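Read the figures in this text as sums done on the coordinates, not as results from a lab. These numbers come from a predicted model, not from an experiment. Cβ placement follows ideal geometry from the backbone for every residue including glycine, while neighbour counts extend to all protein chains displayed.
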Amino acid sequence: MEKLFEKLKEYLHMDTEIPFDEFSQYYKSLIECLNTTFEEMDQDTHLKARYACSIVQANAESREKSEKKNAKAYKKISAKTAFWMNAINYRLIKEGMTQAEIDQAIEAINDSI
């Protein structure tokens, strides 16, 4: 997850949008990482994964409206990352965090980037 998070930081500092193929590849890598390591993630990693999903989800939602050619793929990406955001949220709450604490932690991550 750390490599994916560092790549996300790099993307967030870019002035231009990455092409669909690169966006899709990042999304697939993120989902693969979640599928294989979700159970072993600690709280900090869960928070970073939730942040990454929120960024990918928001970008996919935005691109779905502006890129008709790949709109269906962006819609799927948006739905899948929203699912993972909810799953991570559920896990964090189950482990004792409040929604306010999660939101604050996500805001702190955003501020640090």
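Values computed for the structure shown
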quantity	calculated
Helices (runs of 4 or more DSSP H) enclosed by region 17-113 - at least 2 residues per element that are surrounded by 11 or more Cβ atoms within 10 Å (Cβ to Cβ), under 13 Å from the mean Cα position of the chain (by Cα) and of a type in the set (Val, Ile, Thr)	43-66, 71-94, 99-112
Residues of region 32-48 satisfying the condition of being within 13 Å of Lys80 (Cα to Cα) and touching a helix residue (DSSP H, G or I) at 6+ places or on another chain (Cβ under 7 Å)	Leu34
